Amino acid sequence: ERLAVVGPSGIGKTTLLSLMLRFYDTTAGEIYFDGQPASDYDVGSLRRRIGYASQKPRILSGTVMENLCYGAADEDRESVYRAAKTASIHDEIEKLPHRYDTMIGPKGLNLSEGQKQRLSIARALVKNPDILILDEPAAALDSETEKSIFDVLPAVVNGKTIIVASHRLSTIKQANRILLLNETGKAEIGTHESLLQSSDYYRSAVNHQI
C-alpha cells in the first residue's frame, strides 16, 4: 500500500522514517516489519530491502552511473535507465557530455536541487526495494515534474510498500492511508476523506494546503 506521513515541520516525520531505517533504535515502543520487531533484523539485510530518498539528497563525487548504483547489488544499466525515466531525470542525463558516465562534482555542485532530488529518487528505485521510503521527495520539484513521477510510480513499484512524508496535498491524497502527526503528540490514521471528517487539525491543514 501507499502510506503518507503528514504533520507540521519539526513534528517528527523524518525521525519516524529514520527509525524505520534503523539509523538509530527506539528508546520506547517498537517498529515491526511483517510482525517481527525491527531490532530482530540484521541492519544490513533490512536496509537492502528498503529504497530511501531523503529531503536532502547525498550526492557522491563520481559518475552519474556510480551515484545511481550506490547501494545496489549489481549494476544493471537497463534497470538504471528505467529508474531514471521514472524519476524524470533520464532525458537530462542523456544531454550531459558523457551521459551516464559524466562526472558529478563534490556534493553535486554542478546539479540543480531538483536534479539532485530526482537522482536520489532514481537511486532508491534502482535497488528494486520491497519498501520505498520518500522523505519530502518533491520539495525541490515543480508541480508538473512531481505529477509525472507520481503518476508512473505506483505501476513501477506494484506490489511494494511506499511510505512518503510530504506537505503537498496532491501527493497525500493519492495515499491509501494517511498517518497524521499533530502538535498534541497524538497520531491519527485514516484516508483523506475520513480524516477530513474526524480531524479538525487535518481539515485545517488541508484548507491551508498542508
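For the reader, a short list of remarks on this structure follows.
- Which listed residue is under 24 Å from L181 (Cβ atoms) and free of Cβ contacts under 8 Å to residues at least 40 places away in the same chain, from L21, L46, L16, L96: L46
- Filtered residues of the range 91-103 (kept if closer than 23 Å to D142 by Cα and open to solvent by less than 30 Å² (accessible area, probe 1.4 Å)): I93
- Residue list for the range 15-30, filter: at pLDDT 90 or above and either assigned to a strand (DSSP E or B) or open to solvent by less than 60 Å² (accessible area, probe 1.4 Å) (or both): L16, L17, S18, L19, M20, L21, R22
- Considering each residue of the range 139-153 in turn, none proves to be in contact with a helix residue (DSSP H, G or I) (Cβ under 9 Å, 6 or more places away or on another chain), part of a strand (DSSP E or B) and open to solvent by 10 Å² or more (accessible area, probe 1.4 Å).
- Per-region count, the range 36-48, residues farther than 21 Å from K13 by Cβ and either in a helix (DSSP H, G or I) or open to solvent by 50 Å² or more (accessible area, probe 1.4 Å) (or both): 8
- Of all residues in the range 104-119 being out of contact with any Ser or Thr (no Cβ under 7 Å at 6 or more places or on another chain) and open to solvent by 60 Å² or more (accessible area, probe 1.4 Å), the one that is nearest to I89 (Cα to Cα): E113
- For the range 154-175, a tally of residues being open to solvent by 70 Å² or more (accessible area, probe 1.4 Å) and either in contact with a strand residue (DSSP E or B) (Cβ under 8 Å, 6 or more places away or on another chain) or polar (S, T, N, Q) (or both) returns 2.
- Number of the condition not met by M20 [criteria: (1) closer than 30 Å to Y100 by Cβ; (2) touching a helix residue (DSSP H, G or I) at 6+ places or on another chain (Cβ under 8 Å)]: (1)
- Exactly one residue out of L125, L111 is in contact with a Leu (Cβ under 9 Å, 6 or more places away or on another chain) and part of a loop (DSSP other than H, G, I, E, B), and it is L111.
- Of the residues in the range 54-75, at least one is farther than 30 Å from K173 by Cβ, surrounded by fewer than 14 Cβ atoms within 10 Å (Cβ to Cβ) and either aromatic (F, W, Y) or without any contact (Cβ under 8 Å) to a residue 12 or more places away in the chain (or both).
- Exactly one residue out of A122, A84 is surrounded by 20 or more Cβ atoms within 10 Å (Cβ to Cβ), closer than 23 Å to N176 by Cα and in contact with a helix residue (DSSP H, G or I) (Cβ under 6 Å, 6 or more places away or on another chain), and it is A122.
The values are calculated or read from the model by the stated rules, or taken from the named source; none is laboratory data. Just so we're clear, the structure is a prediction, and the values are computed from it rather than from any experiment. When we count neighbours, we look across all protein chains shown, and the Cβ atoms used for this are built from the backbone with ideal geometry, even at glycine. Note: accessible area is taken over every heavy atom of the protein model, side chains too, but ligands, DNA and RNA are not part of it. Shrake-Rupley method; radii C 1.70, N 1.55, O 1.52, S 1.80 Å.
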